[in-house]
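Taking it in order: structure first as structure tokens, then the write-up.
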Amino acid sequence: MQQTIDAERLAGVWSATPTPLTAALTLDADSVPRLVAHHLRLGVRGLFLGGTCGEGAWLRRADLRSLVRETAAASAGRLVLAVQITDNSVGRMLENAEQAAADGADLAVIAPPHFLLNATDANVRALYVETVRRCPLPVGIYDRGNGGSVPVSAAVLEAVYAEPAVVLVKDSSMDPARRDLALRARQQRPELRLLTGYEFDVVSYLLHGYNGALLGGGIFNGRLAALILDACARGDAAAAQALQERMNRLMWDIYGGKEITCWLSGLKELLVRMGVFSTRRNLLNYPLTDSCSEAIDRALVQDRDVLLP
């Protein structure tokens, strides 16, 4: 029998959290309680484990499962936990979902599969719909727009969003047409919660009616995102936009400029300097340049109020 979740718990600011790793590139379990405590301090409502920022496509399965268990134990129900179950077949995704449920997850998230032959609309739709209907957990859909290796058309999304077990959408498409499709789906199913994953333009999605944001930088920009949500809720678009501009500048500092030269290394190095992570090790070997290191130092001074509120 499929579990359920209160839709009101799904709104607000979420973090697609990075995964803390040891020097040997295994899960750093000692950092997980600090990761949870820091998100709670920022006002984050939920965590997405094993997403792109969480290196889920490259983590060892045992490390991902340990991450879910350790996070569930440290959170003790204070955060909603979503786990990416994306894979290349229904059977593999259902197996991943069963493990996530056993380990303490509240939601299963499906993104475009990493590799799929004969990826017709009919086959992609069948992959999603059968997984959603048989999943033991409520489901979130991660719309990557044109960023996925397997295209998921608007027609497929429309069918998937109509499924009762789909309770959450992370929209990182940066596509107004797909945004409007999600809004129409929520008109049909008001319990559906829509979160933008486009952290450089949270404001416009909120003003169009989205319920919150699920951000790859949520572990450091979560407080700013919460302030943006508050400003939009009270109708102060100018204040929201000013906060967005500050958040964008902070992200460029941490990620290594608009080229995102230091994406995971800069993000994790910031967390090391804030006492949350123990290392900046990442499975994709992003470097830490001198200019990025200097920008992190600068951010820790001028943005301390939102990094460590």
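Within segment 49-72, residues that are over 17 Å from G216 (Cβ atoms) and in contact (Cβ under 8 Å) with a residue 40 or more places away in the chain sit with their Cβ atoms under 7 Å from residues that are of a type in the set (A, V, I, L, M) and surrounded by fewer than 20 Cβ atoms within 10 Å (Cβ to Cβ), at 6+ positions apart or across chains, in these pairs: E70/A29. The residues of segment 141-191 that are under 20 Å from T86 (Cβ atoms) and in contact (Cβ under 8 Å) with a residue 60 or more places away in the chain, listed by number, are Y142, A165, V167, L168, K170.
Every number here is computed from the coordinates shown, using simple stated rules; none is lab data. Nothing here was measured: the structure is a model prediction, and the numbers come from that model. Reconstructed Cβ throughout: ideal geometry from the backbone, glycine too, with neighbour counts over all protein chains shown.
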